[in-house]
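Input: a single structure, listed below in structure tokens.
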Amino acid sequence: MIARPVMAGALAGGVLAIAASVVVLAPALDRRTQAGAAQSRLEQALDRAPVAPLAEAQETGSAQAAVAATLAVTRRSAAAAGVLVERATPATPAAPHVARLAMRLSGPEKAVLSLADGIVRGVPGAQWRSWRLTALPGGALQLDGEMVLAWR
């Protein structure tokens, strides 16, 4: 006899919990749906947008021009930030229309990290393929890495 009232109470409590969760979660679900739709529109726009290669490399169409353009930006930014470009040498091309550039940068930690990020943000088609950070005495940092440069 006692089992029926307990079961009825549990069932009523479950129904109330589901109703309350629907009321609470409905706005969050709506925001998630809107965010998913916005992300889909962004992905479609990115798929249609052409990848902007290095402007100088477009004119001459060579890996050497892509590397030279990236080196010019890197050296100019490094001098302004107080970062030393210890090594910057072209590597064996990875694939057609892709150039590789091995670099070693050293200087104050914040300046080196900002420069590494600035190169990727400032040079269309440039990306770090691999990198390694080494702490130096006095709060300095050394970045050894390889960049990949896309060009047409």
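The values are calculated or read from the model by the stated rules, or taken from the named source; none is laboratory data. Just so it is clear, the structure is predicted and the values come from calculations on it, not from any experiment. Every residue, glycine among them, receives a Cβ derived from its backbone with ideal geometry; neighbour counts consider all protein chains shown.
Taking the stated definitions as given, is Leu54 modelled with pLDDT under 90 and surrounded by fewer than 16 Cβ atoms within 10 Å (Cβ to Cβ)?
Taking the combined requirement at face value, the residue does not satisfy it.
Are there any pairs with C-beta distances below 8 angstrom linking a residue in segment 86-114 that is free of Cβ contacts under 8 Å to residues at least 12 places away in the same chain to a residue that is surrounded by 14 or more Cβ atoms within 10 Å (Cβ to Cβ), with the two at least 6 apart or on different chains, and if so which?
Close Cβ pairs satisfying both conditions: Thr92/Arg100.
Ile119 fails exactly one of the following numbered conditions: (1) part of a helix (DSSP H, G or I); (2) at pLDDT below 85. What is the number of that condition?
(2)
What number of residues within segment 107-126 are touching a Leu at 6+ places or on another chain (Cβ under 8 Å) and either surrounded by 18 or more Cβ atoms within 10 Å (Cβ to Cβ) or over 19 Å from Ala81 (Cα atoms) (or both)?
8
Can you tell me how many residues in segment 58-72 are over 14 Å from Ala116 (Cβ atoms) and either within 23 Å of the chain's Cα centre (by Cα) or at pLDDT 70 or above (or both)?
10
Do you know which of the residues in segment 73-106 that are within 22 Å of the chain's Cα centre (by Cα) and charged (D, E, K, R) is farthest from Ala150 (Cα to Cα)?
Arg104
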